[in-house]
Every structure is written in C-alpha cells, then in structure tokens.
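Q: Please see the structure below; I have some questions.
The values are calculated or read from the model by the stated rules, or taken from the named source; none is laboratory data. Just so you know, these numbers come straight off a predicted model, no measurement behind them. Backbone-built Cβ (ideal geometry, glycine too); neighbour counts: all protein chains shown. Side chains are part of the model used for accessible areas, which takes the heavy atoms of the whole protein and leaves out ligands, DNA and RNA. Shrake-Rupley method; radii C 1.70, N 1.55, O 1.52, S 1.80 Å.
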Amino acid sequence: FILYSFILSEEFETVTKNSNMSSSTTPGLSREVRSIMDNVVSDSSVKAYTNSIVTFFIWVFEDGSINHTLFKDWFLQDLTDANEMDLLSSLSSPRQRKSKKHLRKAIKTVLSSIIHDNKDTHPFLFDSFNFHIFSCYLTSRKKEIKVKKNADGEIDDQNGEEQTMEVYLGKSTYDGIRSSIMHLYRICDTEMDETLAKCITQYIAGMKRTVAKEKKDTGQKLSEGKRNMPLNVYEKLCEVLMSGDSDEYTFAHAFLTIEWNLMARSDNVVHLSVEHIEWCGDCLIFYFATTKTDQKGEKQRLPWHVYSNPLKPHICPILAFSKYVLSHPGILQDNGRNKLFPGENQYHRFLKIFYSILEKHSTEILALGVDPDDLGAHSTRKGSATLVASGCIVAPPHSS
C-alpha cells in the first residue's frame, strides 16, 4: 500500500509539473502569473529601455523608406496622427515640435499596452528587422564636439582652426541600445534570429574599439558618466547642508550622509524602510531588501553598519539622521512600516537640492579642484568607495 501510494504521488507530481510547464508556454496566463514572469527586469531598467525604444521608433518613423516595413499599419497610423498633433502644436510653440511630445506619448502608450501572447498588440514587425537597419541606427547616434584641424583635415591643437566634428557617443550608450532592443523582443515574446544576434554582438564589440580609438585621436574625456566625489567636496556639501535651517536641507543632509556611509546607490537609499533600520551597540544597522547585484533578495539580512563621527559633526551620519527623524516623527509610526523618506520622487527632490548647491557654491567647489558639472547622482557612491579603497599606507591602493 505504501509503495502504491508513493507511485501515485510521483505520478501526480509529474502531471502537475507537466501541466505547469504547458500553461507557461500557452496563451491565457493570468495577469498575476504574467506579472511574476515579467518581474525579471527592475523598474528603473524598464524605464530606461522604454525611453531608448521610443528614440529608436521615432528614428524608424521619420525614415519613410522603412517605417511601413517595420511598423504595423495601425501603429503607423497612430504615429502619423500624433506627429500631426506635434506639427499643429509647433505653430504656437516651436519647442513643442522638437520635443515630439505627442509622438513620444503615443509610442509609450502602445509599449505599455503590449500583451505577450497577443500578437495583435505587438507594433513591431520583427521579421523585417535586420542587421542593416540596426547598424544604420547605431551609426546615426552621434554627437558634435569642437576640435582643431589643420588644412589637411588632421587634428592639430597647435596650428589648427576650430571646427565642429561628429563623433560617436559613449560605449555604454550603444550597450544600452542593444539591451533595449533585446527588451523589445522579450516583451513581445519573440526570439531573435541567431545570425542577427551574432552580428549585433560583433558590431557592438567593434563599436567599443572604435569609440576608444576615436577618444584617443580627438582628445575627448576618457571617463563616461560623472566622476567620483572627493572627500573635501563631500565635506563642503555637508557643511552647507548642516548650516541651513530649511526642511529641504535637513532632508538632503540625511540623504547624502547615509548614501555616502552606506556606499549605496541612490535608489537603495530612496526605498529604505524604517523597519529595515536598527540600533546595535554603538552603530546604526541598515538592511537592503534588494540591490542591483541582489535582485532576488538573497542577501536581505546582510548588515550595513553606520557609525558616528564626533570629531566632524557636519559629516556625522548619526547626527544628520537624528535631526531628520526628530523633524519628521511621523515616519516612526505604523510599527516601522513607513519609508525613511516617504513621498513620491524623493530621488529627484534630492537631486534638485544637490544641483542647486553645486551651482550656488560652484566657485568654492572649483577651488577644491573639481568641476561641479562633473558631479552627479552616482558621484557620492563612487567617492566613498574610492576613499575606502585608497585609504591605506600599502601601495598601490585598489583604486589605482
């Protein structure tokens, strides 16, 4: 009897597994199941991919020789109508035409309405998409810079005349375009042709070498993105924030010091919950539900310790944290379920304050050897990580 029951249970598990596999590859999945299956890309990545796809679709739409072969008729008509609205708006505001507000909105609306297993909602004709179109699009993505060229057309910083020259964008930009195209295939539940995928991979590899060589030849800045924030600049910003008496400065001071001491991405700081913060011994301990390198939350109980700095109160994270909490006692209610920084767009709120301080104190920051234009949202994390990697007496440091 026991053996018979075991066999039946094994058969039941096999049938259940086969049933689950079948339902995952056939249409008609529930919205909840589909939502879980789609949760393989972070919201911020989806937003970046969507904006990149929008730019690509606009490029296709404006090329009359290919838009009818890559877009379905109904989608092409939607874009045509949206473009006409932009043209009408441009009569009263020329900037409206350049922003393509209605065209972008129409594309985003369609992208957000895509249903994986319903091809009628897919706006793109993947069978007509080829490597030639992909390479033409990437080759068109360039920017203009000022260089000095001599009579032979060669770059000559000594005797050349200043001219405008088109150059390729950063390597990460082209990587991002490829990822967004792959995302388009994924949300439309379509497999990319193997030959096309290989050609794209080879092209991106060649593009990276081309961009590197072009930067060397034209003398462009080698780094991409914003630079790391040195300790002296961080201290200057903290001094300014601590001296301010507004609620915005109290918020930004807490945000900046926590971000620096946790060496965390801004996104992680924005989504901190009071429940994920505790006091232990002589330090605050923070926990992250997810991070960029731990999307599945397998390291949720990994503690991040933050200590006070009584010698320099302006950069003390415990003092900045305490001032913020005392100014907003409501966040400690509901058994700690509230976010540390409640409200929408707290990231943009911090950036607005951050950039306003950089602009207001640009002369002082330049005197510290840093161009304020080179600092951005990720400069804080880069700065603290660089400081930690360099703070040793044994050469060479990791940051070198």
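Q: Leaving out ligands, DNA and RNA, what percent of the accessible area of segment 240-303 is carbon and sulfur, probe 1.4 Å?
A: About 49 percent, which is the carbon plus sulfur part of the accessible surface.
Q: I'd like the accessible area for HIS276: 1.4 Å probe, protein heavy atoms, all chains in place, Å² to the nearest 10.
A: The value for HIS276 is about 60 Å².
Q: Let me ask something else. Place a +1 charge on the Cβ of each Lys and Arg in segment 117-205 and a -1 charge on the Cβ of each Asp and Glu, then give the dipole magnitude about the Cα centre in debye, rounded to the nearest 20.
A: Taking the Cα centre of segment 117-205 as origin, the dipole is about 180 debye.
Q: GLU344 versus ASP175, label points 7 Å from Cα toward the beta carbon: distance in nm?
A: 3.3 nm
Q: Among 237-247, 113-123, what's the highest-first ranking by average C-beta atoms within 10 angstrom per residue? Walk me through the intermediate numbers first.
A: Numbers: 237-247: 16.2, 113-123: 14.4.
Sorting 237-247, 113-123 by mean packing, highest first, produces 237-247, 113-123.
Q: Loop-only check: which trypsin sites (Lys or Arg not before Pro) in segment 157-232 are DSSP coil with at most 10 other Cβ within 10 angstrom?
A: LYS221
Q: Can you give me the P(r) profile for segment 109-216? Cα pairs, bins 10 angstrom wide beginning at 0, each as a whole percent.
A: Percent of Cα pairs in each bin: 12, 34, 26, 16, 9, 3, 0.
Q: Return the sequence-ordered ³J(HN,Hα) values of segment 171-188 in whole Hz as given by the Karplus equation 6.51 cos²θ - 1.76 cosθ + 1.60 applied to θ = phi - 60°, using x for Gly and Pro.
A: 4, 5, 5, 6, 4, x, 5, 4, 5, 5, 5, 5, 5, 4, 4, 5, 5, 9
Q: Return the carbon/sulfur percentage of the accessible area of segment 76-133, one whole number, probe 1.4 Å, all protein chains in place.
A: After summing per-atom areas, the C and S share lands at 53 percent.
Q: So how do 138-146, 59-67 stack up, highest first, on mean other-Cβ count within 10 Å? Don't jump to the answer; show the numbers that get you there.
A: Values: 138-146: 12.2, 59-67: 14.8.
Ranking the peptides 138-146, 59-67 by packing returns 59-67, 138-146.
Q: With +1 on each Lys and Arg Cβ and -1 on each Asp and Glu Cβ, and nothing else charged, work out how big the dipole of segment 201-344 is about its Cα centre, in Debye to the nearest 20. Show your work: numbers first, answer last.
A: Working: 18 positive and 17 negative charges, 190 e Å.
Approximately 920 debye in magnitude.
Q: If each of LYS296 and ILE204 carries a label point 7 Å out from its Cα toward its Cβ, how far apart are those two points in nm?
A: According to this spin-label approximation, the distance is 2.3 nm.
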